[in-house]
Amino acid sequence: MAEQRRIELLSPAKNASIAKEAILHGADAVYIGAPKYGARSAAGNTVEDIASLVEYAHQYKAKIYVTLNTIIKDEELEEVTEMIHHLYKAGVDALIIQDMGIFRLDIPPIPLHASTQCDNTTPEKVRFLQEIGCTQVVLARELTINQIKDIAENTSVPLEVFVHGSLCVSYSGRCYLSRALSGRSANRGECAQCCRLPYDLSDADGQILIQGKHLLSLKDMNRGTYIEQLLDAGVTSFKIEGRLKDAEYVKNTTTYYRHILDDILSRRPEYVRSSSGKSVVTFIPDPIKSFNRGFIPYFSDEASFSNIASVDTPKSVGEEIGRIETISDRFIVADTEKELHNGDGLCYMSSDGNFSGFRINRTEGKKIYPADMPKLEKGYLLRRNYDIEFEKQLSVATAERKIAVDIELTCHGNKLKIKLTDEDNIEASSEYTLPSVEESRTPQEENQRRQLSKLGGTPYTLNSIILVGTQKLFITASQLNALRREVVENLTAVRLSSYKAEVSPARKTAVFPNDKLTYEANILNHKAVEFYRACGVKELQPAYEESPQPNVPLMTTRYCIKREFGQCPKQHPSKPWREPLYLQNGNTNLRLEFNCSKCLMSVVK
């Protein structure tokens, strides 16, 4: 049989508490922010919290990746170096980085993953990252399955791909709109989300074509139905977006993808899970019940290139409920088969183009009594973006993750020995000297099995018990319980000590695919300059954050406004818009440029 590929479900975490929930609900790995420089300024974590999380994760052979994926200023390099040493000592499995200057720092041999912020879109770029020593590469979200397959066939580094969550409209790492408009840099973890604002679209004559719509705001990604195709294309790690999301979101989405992957792995022996234990959850996952702007597979195939923007609202739209049939002064009647609850949040798009919502005070079948009666019209489509009963389910403990163990109890003379063997064939044992060896006048097998099987509150669950020569012996419940507790502690210690962290390969230089780099290479420190010089780059520009340039693309996107609104020249529109096209929001005026041969759109201030 061919060598099995170890598959990873990678979940986000804002903090260590949410990370533990991700692991309990089936994550094989979790990514979490470093104390600083983690591309989400509101999601930093202390090294102490991360160290505690590492120990918790490693007992399941789950991995902890720490994001250190902003670009770094010269005066911050010393602090970053010190932080990396602390994270290495904490046992972190890898750092997710953007700044290539990190390769030139005096750091320990911690594995480095290339963030999607590195603009990983071609086999040549990914092969370069592999050659310099990256142990995993996060691909750009915009790649089709065929493009991912092409990269996998021409490289050997494990590939990580986003499968769920919010989408940046720009290629990651190539967005400077927030920095240009607000002074807050996305590459420094401070994105102001200018892409979620409403804009007017006008043509070369100043005629407004579309007014007050969120023309750069995309729907959310959901590639749940594409997971097996992505596996076969060569993907190793399946990543859920959401380091700013709450625990309920992480529980729901992690469980959803765990179930999908488990189903595939159960019938595809060439793929194997990369961590231990089985999660048992108390709810049925449904991603549409967590925050979403509507779902799209986002360029997974040719059919998913259009209808990808969330132009009416950047807020969560939830699930469709049905249309309003009747309106009175106190209630409405909806054509729905959904069970609604007091406290649910419903939303709708009004006839004047405003996205609004209300809470349900009470329901009577299809009759809905709002807490405050809004202005509604017959025919409005209602959506539920807050399901109070689902949220209540997720607000309490909802999962256990257990590692299967076999227990063997033997007695030789007065020496009682217990051995645990877990699903990874890791063993631990303990011994107890009986003060005296007495045969019981009553059968003891049932009692011995009952005491030994008490594994509640531990990471383990019983697979089998073998009793050898103990069935007739009188052994007290306290003796058995003490022996069981001791061997469980021993097994956990052995599992942690036997955990094999990934070894970082030697970091090397390699020839970069281009010998000229623009501001889009995001070079902000002298170590990054040294790195690229050593890799053969002859000309380079400083990062936009250091030296803002006029009339350059502030965004490069695969999303195209012309295609979204039926104006793609490849589709031969009968009345094409007169270019150039502009986006306006208040005093902000942005010009749109189109490279139709490559299906790219640029946003220029």
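Confirm whether residue 40 is of a type outside the set (Asp, Glu), open to solvent by 10 Å² or more (accessible area, probe 1.4 Å) and at pLDDT 95 or above.
no
Looking at residue 477, is it in contact with a helix residue (DSSP H, G or I) (Cβ under 9 Å, 6 or more places away or on another chain) and hydrophobic (A, V, I, L, M, F, W, C)?
Yes, satisfied.
Okay, residues lined up against (1) within 27 Å of residue 58 (Cα to Cα); (2) aromatic (Phe, Trp, Tyr):
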residue	(1), (2)
380	no, yes
385	no, no
404	yes, no
416	no, no
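Name the single residue, out of those in segment 466-480 being of a type in the set (A, V, I, L, M) and within 13 Å of residue 414 (Cα to Cα), that is surrounded by the fewest Cβ atoms within 10 Å (Cβ to Cβ).
For segment 466-480, the residue satisfying everything is 473.
For segment 567-576, give me each residue that is open to solvent by 50 Å² or more (accessible area, probe 1.4 Å) and at pLDDT 80 or above.
569, 570, 571, 575, 576
Tell me, yes or no, whether segment 588-596 has at least one residue that is assigned to a loop (DSSP other than H, G, I, E, B) and either under 30 Å from residue 305 (Cβ atoms) or without any contact (Cβ under 8 Å) to a residue 60 or more places away in the chain (or both).
Yes, the conditions are met somewhere in segment 588-596.
If you scan segment 275-308, which residues turn out to be assigned to a strand (DSSP E or B), more than 16 Å from the chain's Cα centre (by Cα) and surrounded by fewer than 20 Cβ atoms within 10 Å (Cβ to Cβ)?
Residues satisfying the conditions are 278, 280.
What are the pairs, 6+ residues apart or on separate chains, where a residue within segment 113-137 that is among the hydrophobic types (A, V, I, L, M, F, W, C) has its Cβ under 8 Å from a residue that is modelled with pLDDT under 95 and crowded, with 22+ Cβ neighbours inside 10 Å?
Qualifying pairs under 8 Å: none.
I'd like the full set of residues that are assigned to a helix (DSSP H, G or I), touching a Phe, Trp or Tyr at 6+ places or on another chain (Cβ under 9 Å) and open to solvent by 30 Å² or more (accessible area, probe 1.4 Å), limited to segment 234-259.
Across segment 234-259, the qualifying residue is only 248.
Within segment 1-28, track down each residue that is aliphatic (A, V, I, L, M), out of contact with any helix residue (DSSP H, G or I) (no Cβ under 8 Å at 6 or more places or on another chain) and not in a loop (DSSP other than H, G, I, E, B).
10, 24
Looking only at segment 422-465, count how many residues are surrounded by 12 or more Cβ atoms within 10 Å (Cβ to Cβ) and assigned to a strand (DSSP E or B).
12
Please indicate, with yes or no, whether at least one residue in segment 368-376 is open to solvent by less than 10 Å² (accessible area, probe 1.4 Å) and either in a strand (DSSP E or B) or under 30 Å from residue 557 (Cα atoms) (or both).
Yes, segment 368-376 has at least one match.
Can you go through 513, 505, 550 and tell me which one is in a loop (DSSP other than H, G, I, E, B), at pLDDT 95 or above and open to solvent by 50 Å² or more (accessible area, probe 1.4 Å)?
513
Take the residues in segment 55-91 that are in contact with a strand residue (DSSP E or B) (Cβ under 6 Å, 6 or more places away or on another chain) and open to solvent by 10 Å² or more (accessible area, probe 1.4 Å), then tell me which one is farthest from residue 241 (Cα to Cα).
Looking at residues that are in contact with a strand residue (DSSP E or B) (Cβ under 6 Å, 6 or more places away or on another chain) and open to solvent by 10 Å² or more (accessible area, probe 1.4 Å), I get 63.
Go through segment 276-329 and report how many residues are closer than 30 Å to residue 170 by Cβ and hydroxyl-bearing (Ser, Thr, Tyr).
So the answer is 8.
The values are calculated or read from the model by the stated rules, or taken from the named source; none is laboratory data. If you're wondering where the values come from, they're calculated on a predicted model, not measured in any experiment. Cβ coordinates were reconstructed from backbone atoms using ideal geometry, including for glycine residues, and neighbour counts include every protein chain displayed. SASA here: full protein model, heavy atoms, side chains in, ligands and nucleic acids out. Shrake-Rupley method; radii C 1.70, N 1.55, O 1.52, S 1.80 Å.
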